[in-house]
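Please treat every number below as a calculation from the coordinates, not as lab data. Small disclaimer: the values here were computed from a predicted structure and weren't measured. We place every Cβ from the backbone using ideal geometry, glycine too, and count neighbours over all the protein chains shown.
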Amino acid sequence: MNVLKYVDKNMNNLISDLQILIRQPSVSAKNEGIEECSKLVQKLLKKSGIKSEILRLKKGIAPIVYGEIKSKQNPKKTLMFYNHYDVQPAEPFDLWDDPPFSGIRKGNKIFGRGATDDKGELITRIKAVEACLKITGDVPCNIKFVIEGEEETGSAHIEKYLKKYKKKFSSDGVIWEFGYVDAKNRPIIGLGMKGLLFVELSVKESNQDAHSSLAVLIKNPAWRLIDTVKTLRDSSGKILIKDWYKEVTSLSKQDLELIKQEPFDENVFRKEFGIKSFVDNKKGMDAKKALVAGATCNIAGFVSGYIGNGAKTVLPSDALIKIDFRLIPKMDPKKQVARLKSHLKSKGFGDVKIKIFHGEAAARTDSSDPFVNQVKDAADKSFGTSILNVSNAGTGPMYSFVDILKAPCISIGSTYMFSRIHSPNEFARVDLLKKTTKCMCLIMENFGKN
Ligand SMILES: [Zn+2]
């Protein structure tokens, strides 16, 4: 029997282990079941023949489960699987058809919080390694598992963990915690993620709300904030803060080619959201380029004054706006914050208070890195076809891995695009779990060979 046949034959085992994992709640936002789940993950690793230990920074911080297997045939190359054992809160409970931590199987689907994100993904990596060990008594390259417990609350300590255990974690390539599979069952191989800067701007003008007749004398903080944010971005989406794009380099020829090849049905997309046109009337290649490599300045929320039913003639005393900036490679969040602050001052908005919530740089693996083809070949063999994506439009803590470990990082996995992750009735598809497990076997093989 070869490794892939072992995967076929042992799917029931994979499914029942996944169900066990789902049935152990591990909600990081509520610190519910985190310690218990880390121990359960250790148990499952052990069952598959993988030695592990619990790593800690200090009490109160979710531990990392670290697993490792040395390869006899190729001890010089190391592949890391990065995953997380925590899940999003399951609320609202009443929208679930079955209890959120049931792990119930219905045909091709296994339901439960974490079924896909990220317990389903994690189990495919564990079972792929198990298949290699059971059939060959070895792994094609050294394997390291870094399984964290705070991903769903923003991976607050992953950078500290990576720095503290830099040597232990050192790897030549990293397989990211998830990867999307599109509606046509094509896995999307992601080579990067955008960064994020989340800020709050606020203005407090008076010590109390006032009768709006006084608007002739009392300045309105909502107008003040509107005037402020209008200086940040023009209507085409371009950010007007001085030097915002200073370090950004243009897309390589190869990246442009990959973007061109990537399927994107803009009509379906517009229909899905009920919109007539895109920002700046972007079409075709420009729309695709924006998704992969566009920076944004987005108003996430704006609160001031009266927003209840009917009319209320009031002059609010304060106003608050939340803004997220998606960052692209080479944009340093710290530098961008300084630029934003000096922009506000130089435009005469020094009175506007600024609070920084979150800053994270973008990460991107060079599309010409050999690791990319090794993963692509594995995905093509296992899924029949695959799509290369230069960068996801979203954000994850990938930069810390690329920057600290100096290793290429690629996202590939079993996450069906419409598997309701973070929502009620989250599910994993059995067919995709199987294909992904085989894909992981082939990735290890390709990686070890080259
Ligand atoms: Zn998630």
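A few comments on the model shown:
- Cα gyration tensor, the range 298-369 - rounded (a/c under 1.5), prolate or oblate: oblate
- Each residue in 273, 81, 101 was given a count of other beta-carbon atoms within 10 angstrom of its own, and listing them fewest first yields 273, 101, 81.
- Simple spin-label estimate for residue 51 and residue 356 in nanometres, 7 Å along Cα-Cβ: 4.2 nm
- For the pair the range 131-146 / the range 1-79, the C-alpha centres are spaced 14 Å from each other.
- Candidates 52, 342, 213, ranked by Gaussian network fluctuation over the chain, Cα under 10 Å, top entry: 213
- Net length gained if the chain between residue 98 and residue 338 were fully extended (0.36 nm per residue, minus Cα distance): 81.5 nm
- Normalising the average separation of contacting C-alpha pairs (under 8 angstrom, six or more residues apart) by the number of residues puts the relative contact order of the chain at 26 percent.
- Using a cut-off of 29 Å between Cα atoms, the listed pairs 242/271; 70/164; 127/184; 288/345 include 242/271; 288/345 as exceeding that distance.
- Here the spin labels are modelled as points 7 Å beyond Cα on the Cα-Cβ line, and at residue 431 and residue 449 they lie 2.7 nm apart.
- Virtual spin-label span in nm between residue 266 and residue 280, 7 Å along Cα→Cβ: 1.3 nm
- Global geometry of the range 1-79, whether rounded, prolate or oblate, following the gyration tensor of its Cα atoms and the 1.5 cut on a/c: oblate
- Helix 333-346 and the longest principal axis of the C-alpha atoms of the chain enclose an angle of approximately 10°.
- Structural descriptor for the range 38-91: relative contact order 29 percent, calculated from alpha carbon pairs under 8 angstrom and at least 6 residues apart.
- The ranking of 27, 303, 41 by Cβ neighbour count inside 10 Å, starting from the fewest, reads 303, 27, 41.
- Cut-off 16 Å (backbone N to label point 7 Å along Cα→Cβ of residue 11), residues of the range 418-450: 428-440
- Note on 382, 367: ascending count of other Cβ atoms within 10 Å places them as 367, 382, the fewest first.
- Per residue convex hull volume, Cα atoms of the chain, in Å³: 166 Å³
- Peptides 274-281, 292-299 ordered by average Cβ neighbours within 10 Å, highest first: 292-299, 274-281
- Counted residue by residue at 0.36 nm each, then reduced by the alpha carbon distance between them, the extension gain from residue 223 to residue 307 reaches 28.7 nm.
- Counting only alpha carbon atoms, the long axis of helix 34-47 and the longest principal axis of the chain meet at about 30°.
- Size descriptor, Kirkwood hydrodynamic radius, that averages inverse alpha-carbon separations across the range 231-280, Å: 13.9 Å
- With Cα atoms, 0 to 90° folded angle of helix 11-23 axis to the chain main axis: 40 degrees
- Restricting the calculation to alpha carbons of the range 274-416 gives Rg and Dmax of 20.7, 66 angstrom.
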